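The values are calculated or read from the model by the stated rules, or taken from the named source; none is laboratory data. Predicted, not measured: the structure shown is a model, and the values here were computed from it. Cβ: placed from backbone, ideal geometry, glycine included. Neighbour counts: every protein chain shown.
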Ligand code: WT7
């Protein structure tokens, strides 16, 4: 498979960018010619950002799994689609060829059908990083069911909220998952999430750890039994088939929950055709994938990075995608490099937080490891500091591999701003240039485009995008108004990212971090309001305020100011209780790193918490706290400064 739309030079990038902006419809139509359609589109693009309404390839019919699997069977049946590396390095690697993937996805599609799942039904997937997770995702796509993958670190309560929000009737899970030295009892978390639930009809349980699980008659079934039965239905004379549902271009493909600055996480909805184009196009261009390369994205499929760059993007491009079950530091901090050597990985794509944590172990874990197969290094999820960038460049890439800093979001489907490996220049800690079709603009608080440069020629503002690209979110599940207010109402006719950014005179962008009340903890998004709500669930907590503070490894840490009125136990056990409460309500990823008990919070006369002050104190700034004259009770600030953790 060749990629006629692969950008090969800086000149071509500029030319393609220009065409994509001047003639978006013909530009994307020509990219779309490289996919398999059951029926071609009537119209390339129809949009407005006021409702918002965004339709790409209206009238077209397709199934994304035919693009990710079937179309490769003629030439790549025996080539690996996935190479799976288990948590335990002693266990055997699994290689899933395109033919095997086709068989398993057909089988699982049949399993879903046998269990009553129909097009448009929501299927919640809560599994560890095993190939069966990819089969489950693609099996849903095959029959047109909408998958909602939930990361294995979320709590039963979080799952229950997401099941309710999506009105999901089906779940696919594992008995347990291996992650480093831990066994995580996934099915038992699902059981807790289902207490009192009346809508879930079926739970399909894949055996991974063979930990004891409860199996409820009429509701819970084993993956293995179902797959065996389904095989008899999909295989005839040694030929496996299962018809791919004919989907409209704009039919939903999946829901993925992500945090915002207010309320509960929202279900970002991506649709079939636009998402397929965008993940494939960016995969081929940003990573400069060449047929035969082994691509290793270290993310979990529970996050959008895994959806787009382990599953859909690579498979649609006919690539070989590594899938790793474990964590970078187990059995030791050389695990990634062992995997690179063992499988001759050509591209590794990971988060700055992982790089920083490995940096802390020094270079011993790298010694003697053959990393010469590497051609491209990538980062994603948060700003990368220059120190980590250079460490990655020198110790992993040996200064021979371009580093791509890819900026994007759950809502954008795939990369929006990134250099193209080896094709457009990199600049440490800068995401650099927009992808073709992406029109960024920096605005001030009033939505006016910023024009005033600082002495170095740098513009600074809130990052917005002017027009839709194929992979933009279409709605938030069940609540279109929330989608509008969250992303399209802050500034009229612009998509607002929630990020702040700089732009240099060459047109490069540097993302500086969120400007809303969203935290980025180890590359994971968590809303301050969400954490506060969870802390406030603790019986002794009166009120709380959560802010981020700089953390050497995680990027940001969670700092909570808590007004507590309980009497039971000492401060430290109360801290542990509060942390456990947050773990139960959201999941361990949202646990505060620091909890400070306070008598009051700095509020304005109208009752608004002045987070700016709390942020400064958490950051260790005690001198200049800015204007505090509007505070109701300036004295609380002094007390908070003294009690800083
Ligand atoms: C937020 C999106 C993109 C998939 C993983 C996270 C931050 C993401 C970068 C980058 C600076 C980045 C932004 C963004 N972010 N990539 N290369 N440089 N910041 O997806 O959970 O939807 O989070 O992550 O703040 O808004 P997400």
For the range 391-411, the count of residues that are without any contact (Cβ under 8 Å) to a residue 12 or more places away in the chain and within 16 Å of the ligand (Cβ to nearest atom) equals 0
Checked 306, 313, 302 against criteria (farther than 18 Å from residue 357 by Cα, touching a strand residue (DSSP E or B) at 6+ places or on another chain (Cβ under 9 Å) and either at pLDDT below 95 or in a loop (DSSP other than H, G, I, E, B) (or both)); the one match is 302
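Given the structure, is residue 569 at positive phi, touching a helix residue (DSSP H, G or I) at 6+ places or on another chain (Cβ under 6 Å) and assigned by TED's automatic domain parsing to the domain that holds residue 601?
Considered against the rule, which asks whether it is at positive phi, touching a helix residue (DSSP H, G or I) at 6+ places or on another chain (Cβ under 6 Å) and assigned by TED's automatic domain parsing to the domain that holds residue 601, residue 569 comes out as no.
Taking strands (runs of 3 or more DSSP E) that do not extend beyond the range 192-290, which have at least 1 residues that are modelled with pLDDT of 95 or more and crowded, with 23+ Cβ neighbours inside 10 Å? Spell out how you get there, then give the answer.
Details: elements: 202-206, 220-222, 252-258, 266-271.
Those strands (runs of 3 or more DSSP E) span 202-206, 252-258, 266-271.
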Exercise for the section: Report yes if some residue within the range 560-568 is closer than 25 Å to residue 302 by Cα, away from the ligand (no atom under 16 Å from the Cβ) and touching a residue at least 24 places away in the same chain (Cβ under 8 Å); otherwise report no. Expected result: no
Note: among 111, 95, 117, just one is surrounded by fewer than 18 Cβ atoms within 10 Å (Cβ to Cβ) and more than 24 Å from the chain's Cα centre (by Cα), namely 95
Here the residues within the range 369-405 that are outside any loop (DSSP other than H, G, I, E, B) and farther than 17 Å from residue 422 by Cα are 380, 386, 387, 388, 391, 395
Of those in the range 528-545 that are touching a strand residue (DSSP E or B) at 6+ places or on another chain (Cβ under 6 Å) and closer than 14 Å to residue 260 by Cα, the residue farthest from the ligand (Cβ to nearest atom) is 532
Log entry, pairs with first residue in the range 471-499 being over 14 Å from residue 411 (Cβ atoms), second being within 14 Å of the ligand (Cβ to nearest atom), beta carbons closer than 6 Å, six or more apart or on different chains, reads 491/464
| request: Report yes if residue 130 is touching a strand residue (DSSP E or B) at 6+ places or on another chain (Cβ under 8 Å) and either more than 21 Å from residue 68 (Cβ to Cβ) or buried (at least 24 other Cβ atoms within 10 Å of the Cβ) (or both), otherwise no. | output: no
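In the range 412-419, is there at least one residue being more than 10 Å from the ligand (Cβ to nearest atom), within 22 Å of residue 281 (Cβ to Cβ) and either buried (at least 18 other Cβ atoms within 10 Å of the Cβ) or in contact (Cβ under 8 Å) with a residue 60 or more places away in the chain (or both)?
Here is the first cut: in the range 412-419, the ones more than 10 Å from the ligand (Cβ to nearest atom) are 419.
From the residues that got through so far, the ones that are within 22 Å of residue 281 (Cβ to Cβ) too are 419.
Filter once more, keeping what is either buried (at least 18 other Cβ atoms within 10 Å of the Cβ) or in contact (Cβ under 8 Å) with a residue 60 or more places away in the chain (or both): 419.
For the range 412-419, residues more than 10 Å from the ligand (Cβ to nearest atom), within 22 Å of residue 281 (Cβ to Cβ) and either buried (at least 18 other Cβ atoms within 10 Å of the Cβ) or in contact (Cβ under 8 Å) with a residue 60 or more places away in the chain (or both): present.
Residue 585 - would you say it is touching a strand residue (DSSP E or B) at 6+ places or on another chain (Cβ under 8 Å) and either assigned by TED's automatic domain parsing to the domain that holds residue 354 or surrounded by 16 or more Cβ atoms within 10 Å (Cβ to Cβ) (or both)?
Criteria not met by residue 585.
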Within the range 341-353, of all residues that are farther than 13 Å from residue 293 by Cβ and without any contact (Cβ under 8 Å) to a residue 60 or more places away in the chain, the one surrounded by the most Cβ atoms within 10 Å (Cβ to Cβ) is 350
Those strands (runs of 3 or more DSSP E) completely within the range 1-118 that have 1 or more residues that are farther than 22 Å from residue 272 by Cα are 80-85, 94-97
Of those in the range 487-527 that are within 12 Å of the ligand (Cβ to nearest atom) and in a loop (DSSP other than H, G, I, E, B), the residue nearest to the chain's Cα centre (by Cα) is 523
Pairs returned, first residue in the range 503-516 that is without any contact (Cβ under 8 Å) to a residue 60 or more places away in the chain and under 14 Å from residue 443 (Cβ atoms), second residue that is within 14 Å of the ligand (Cβ to nearest atom) and assigned to a strand (DSSP E or B), beta-carbon separation under 8 angstrom, 6 or more apart or interchain, are 515/462; 515/498; 515/499; 515/500
(Q) Scan the range 432-442 and tell me whether some residue there is at positive phi, away from the ligand (no atom under 16 Å from the Cβ), part of a loop (DSSP other than H, G, I, E, B) and under 23 Å from the mean Cα position of the chain (by Cα). (A) yes
Checked 604, 574 against criteria (within 30 Å of residue 184 (Cβ to Cβ), in contact with a strand residue (DSSP E or B) (Cβ under 9 Å, 6 or more places away or on another chain) and not assigned by TED's automatic domain parsing to the domain that holds residue 386); the one match is 574
Practice problem: For the range 453-461, indicate whether the set of residues that are touching a residue at least 24 places away in the same chain (Cβ under 8 Å), within 16 Å of the ligand (Cβ to nearest atom) and surrounded by fewer than 17 Cβ atoms within 10 Å (Cβ to Cβ) is non-empty. | Solution: yes
